[in-house]
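The values are calculated or read from the model by the stated rules, or taken from the named source; none is laboratory data. Predicted model only: the values in this text are computed from it and were never measured. Virtual Cβ from ideal backbone geometry, glycine too; neighbours counted across all protein chains shown.
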Amino acid sequence: MHTPLDPAAKKAYEITYAMFRVAAAAPSRALAGLMEKEALNLLRGAVGNFQDEYRNALGIIHYLIALGRDTNNIHNDNVALLVQQLDALESLLRDRSMNAVSPTDLSQIFAASNVVEPAKSLPKVRQTPQVNSIAASERQQRILERIRQSGNCRTRDLQEVLPDLSERTLRYDLQRLIEDGKIERGGGGGPASWYRIKEASQQSNVFGGASL
């Protein structure tokens, strides 16, 4: 009789399922192949509790998701949801490590009684990026309001007033706001970095006032 899968193994399975669905919709077959490969590495590492393997896979998957977003291969909705689910998995893996849970036999994943239905919050397949997800828009609006109130804000200042956001999600949203021309970063990088609202004149197209 198989023992039940622990929460980290279930979450890894759900993410792997979602990664395969998102990869199937990606126009780039090269990117899709890499996503599927690393999703399987993540599943194997998380289920077997091979820490080096799942940590390496997590890092690569985050880069692949960012690449897919920037090349219009992954819809923004799916990017935000995958990042949230990966954060949740990392938390479960930390808890499991602290509680010394025994690794699960990989074959249990495929036992009929243990097949996990994908979580409803996992990404829906969308091929063409159109608009940011509502969740991402709301998060970024909260960040903008805080920066506007404070003038210059560092990442740790934002973490203190937005404790429900993980550091990775916060950095993702800050980067999106920079790319959208809404804020700018200064301070030389690292912990010394600060963010402020970009002036309207700086946000406008550099050719906007030119005449031929």
Self-check item: Some residue of segment 28-36 being over 18 Å from the mean Cα position of the chain (by Cα), in the same structural domain as Asp70 (by TED's automatic domain parsing), surrounded by 16 or more Cβ atoms within 10 Å (Cβ to Cβ) and modelled with pLDDT of 85 or more
Solution: yes
Exercise. Starting from segment 172-184, take each residue that is without any contact (Cβ under 8 Å) to a residue 60 or more places away in the chain and farther than 12 Å from Asp70 by Cα and list its partners that are of a type in the set (Ser, Thr, Tyr) and crowded, with 21+ Cβ neighbours inside 10 Å, counting only C-beta distances under 9 angstrom and pairs at least six apart or across chains.
Key: Leu174/Tyr195; Leu177/Tyr195; Ile178/Tyr195; Ile183/Tyr195; Glu184/Tyr195
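Name the helices (runs of 4 or more DSSP H) wholly within segment 50-152 that hold at least 1 residues that are basic (Lys, Arg) and at pLDDT below 75? Walk me through it before giving the result.
Values: elements: 51-70, 76-99, 134-150.
In segment 50-152, 76-99 are the helices (runs of 4 or more DSSP H) which contain 1 or more residues that are basic (Lys, Arg) and at pLDDT below 75.
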